[in-house]
Amino acid sequence: MNGLRLDKLVHGWRDPVTPRPAATILLLRDDTDGLQVLMTQRSQTASFAPGVFVFPGGALDAADNSAAAHAVSRARDNQDEQHRHFAHAALREAFEELGILLAWDKGSEQLCAPHHATQLDRSTNADFYGQLAGAGLELAIDRTGWLSQWTTDPDLPKRFQVRFFVAPMPSGQEPIADGAEQFEPVWVNPAAALARHDAGQFKMIFPTIRTLRQLQKFSRTEQVLDAASSVDKVYFAFPRGGLVKGQEARFVAEESQFGELELVAPDGKLVHALDWRHDAPVQLRKNVQRLTAPNAGMMTGPGTNTYIVGEPGAFVVIDPGPDLADHIERIALAVGSDLQAIICTHSHPDHSPGAPLLRNAVRKDVPILGLKSLPTARANSSFTPDRELAHGERIKVGDSTLRAVYTPGHAANHVCLVLEEDRLLFSGDHVLNGSTTVVDPPDGNMFDYIASLKVLAQEPVDFILPAHGHVLGSARQAIEKLMAHRLGREAKVAAALTRTGGGTLDDIVPVAYDDVNAGLFPIAKRSLLAHLEKLVTDGKASFNEGRWAPI
């Protein structure tokens, strides 16, 4: 990871175990209750995931990529040598563990007769590929699809990088467990398996659970095979573990908790509690703490995040939050007389009112920095710093450097901060986790907001620490995804204008925000207004006497 200062990690660094390549196969069939997948229970003495229900599979062997293996398999043009290597292993394991043989009669378009599956030697020391050649069979790699790839969690002592394949169950064959590694083969509908797991009757591990959720989208085998027919559709997962209410929980990259786990324990240690705390700071790095104000609500999520940057001797507080005495007292207790400066990302009432209160609680000479609110700000968002930050200005905090980035849009006086040595972005309300920020004219401006996102997308940062929600990882992708979302909404607003022929905000909001609960329309109208103003700036709409119209 770029810019990772190991001495700033709260829990130190431990090299994760290198994952071993492996493959698994989801054998599918259609039944009266819909799609079914073949699963089996692992041995209670297995070294990995004992006693859980899984799909057949295992680690790759050298023979799976041998000339002998390639000579007895049939693949599609878009299935490269590596695909065949992993798929060979998946089909070999299905045969060894459950006696299922997915193979063609060589040179024909007929799948092999069921008797081949019972006549070949299933033992692990048998020459599987030599037996196929002797029987005149070819592994049906072309009947497989690559659904996903999972790299097991970095905190585990035994790890695998597993390709999940799908294939139709060959007719006329019955699964028979080997009685050594696998027991109790069972056909299950994905939804039924998940329900049994939730009831404590069908134990599964995280990748299996998520794969079954992925299968729930489909009702027929051919739909799954079609979805897994292209490399472009493969789902890649690298889960991380954390603690929720004291219990182990796993998350993947698209979930809001993932980035924070990667920031706090990049080596994958299962140590970080994700529960929201208001009573004490949460240590994210040795030089970054987060203290969340107890002002949870629809617009603030779990509360406003106050960040404390630095270490004993020098601290800077970012966004001291609202006028809440207990919150200010906790910040003051954490920084003491080492407080060097207070910075407000913008003037909204859940961010800046705590600044003078914190100064009074610590030291009267601590400067309050930020940008002065403009006349367009609402009355409760008035803010005047002791000194205005210049775009690009750097503030030293011990051995760390904060750099100001002017980012108008959510508010006219919004500024973000980059912790340069650690490649962290304190985004205020410009980028949030779990929701999109409101752009509320006249102080909010959608044209400026998008332009500021483009500026942030060029910043050399890995993580985003927002004012509301958990830390976001993959910073640039997160910003680009947010831009795409905003521009997608803009396109929908433009289409709504065309479809309705124009009108008032009340006329347009149900069409432009038909994917939003009607109870949120009063808030949506604020962002709608911002989008319409941007369309006017871009020459794509007009406004006259309270009505908007397309151009």
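The values are calculated or read from the model by the stated rules, or taken from the named source; none is laboratory data. In this text, all values refer to a predicted model and were calculated from it rather than measured experimentally. FYI the Cβ positions are ideal-geometry reconstructions off the backbone, even for glycines, and counts take in every protein chain you see. To get the accessible areas, we keep the full protein, side chains included, count just its heavy atoms, and leave off ligands, DNA and RNA. Shrake-Rupley method; radii C 1.70, N 1.55, O 1.52, S 1.80 Å.
A few notes on this one:
- With protein chains left intact and a 1.4 Å probe, residues in segment 296-419 average 39 Å² of accessible area per residue.
- For segment 242-250, 3J(HN,Hα) per residue [Karplus equation, 6.51 cos²θ - 1.76 cosθ + 1.60, θ = phi - 60°, Hz, x = Gly/Pro]: x, 10, 10, 6, x, 10, 5, 9, 10
- Point-to-point label distance, A195-Q477, nm (Cα→Cβ direction, 7 Å offset): 3.5
- Residue-wise HN-Hα couplings along segment 329-336, as the Karplus relation 6.51 cos²θ - 1.76 cosθ + 1.60 with θ = phi - 60° gives them from phi, are 5, 5, 4, 4, 5, 6, 9, x Hz; Gly and Pro carry x.
- Considering only alpha-carbon pairs that sit under 8 angstrom and 6 or more positions apart, the relative contact order computed for segment 227-294 is 24 percent.
- Rg/Rh (Cα only; Kirkwood hydrodynamic radius) as it applies to segment 113-168: 1.11
- Per residue, the convex hull spanned by the alpha carbons of segment 300-377 comes to 87 Å³.
- Close amide H pairs (under 5 Å, H built 1.01 Å from N) link L60 with A22, A23, residues at least 5 positions away or on another chain.
- The separation of segment 513-542 from segment 275-303, counted between C-alpha centres, amounts to 31 Å.
- Computed from backbone phi, the HN-Hα couplings of segment 117-131 come to 5, 8, 8, 6, 7, 8, 5, 5, 8, 6, 8, 4, 6, x, 5 Hz, rounded to whole numbers (Karplus: 6.51 cos²θ - 1.76 cosθ + 1.60, θ = phi - 60°; Gly and Pro given as x).
- A simple spin-label model places the labels of W276 and E329 2.2 nm from each other, with each point 7 Å out along Cα-to-Cβ.
- Principal axes of the chain: Cα extent on each, largest first, Å: 86, 61, 42
- Over 19 Å apart at the Cα level, from the set K8/K396; K269/K481; K8/K269; K245/K269; K454/K534; K492/K525, are K269/K481.
- Proximal lysines relative to K217, as straight alpha-carbon distance under 23 Å, when same-chain residues fewer than 8 apart are discounted: K203, K233
- Restricting segment 192-281 to trypsin sites (Lys or Arg not before Pro) that sit in a DSSP loop and have at most 16 other Cβ atoms within 10 Å of their own Cβ leaves K203, K217, R220, K245, R277.
- Legend: calculated FRET efficiency, N360 to A62, from the Cβ-Cβ distance at R0 = 56 Å, rounded to 0.05, equals 0.20.
- Segment 29-120 pair-distance distribution - Cα-Cα, 10 Å bins, rounded %: 14, 37, 37, 12, 1
- Distances between placed amide hydrogens fall under 5 Å for T304 paired with A293, N295, all partners being 5 or more residues away or on another chain.
- Accessible surface of the chain, 1.4 Å probe, proportion on carbon and sulfur as whole %: 52
- Take the Kirkwood radius over Cα pairs of segment 242-354, plug it into Stokes-Einstein at 37 °C and 0.692 mPa s, and you get 221 µm²/s for translational diffusion.
- With an a/c value of 1.5 or above and a/b not larger than b/c for the gyration tensor axes a ≥ b ≥ c computed over the alpha-carbon atoms, segment 369-511 is described as oblate.
- Looking at segment 137-208, the accessible area is 38 square angstrom per residue; that uses a 1.4 Å probe and ignores ligands, DNA and RNA.
- Our summary gives the chain a relative contact order of 10 percent, counting only alpha carbon pairs under 8 angstrom and 6 or more residues apart.
- Averaging Cα coordinates gives a centre for segment 316-387 and one for segment 1-45; these two points are 45 Å apart.
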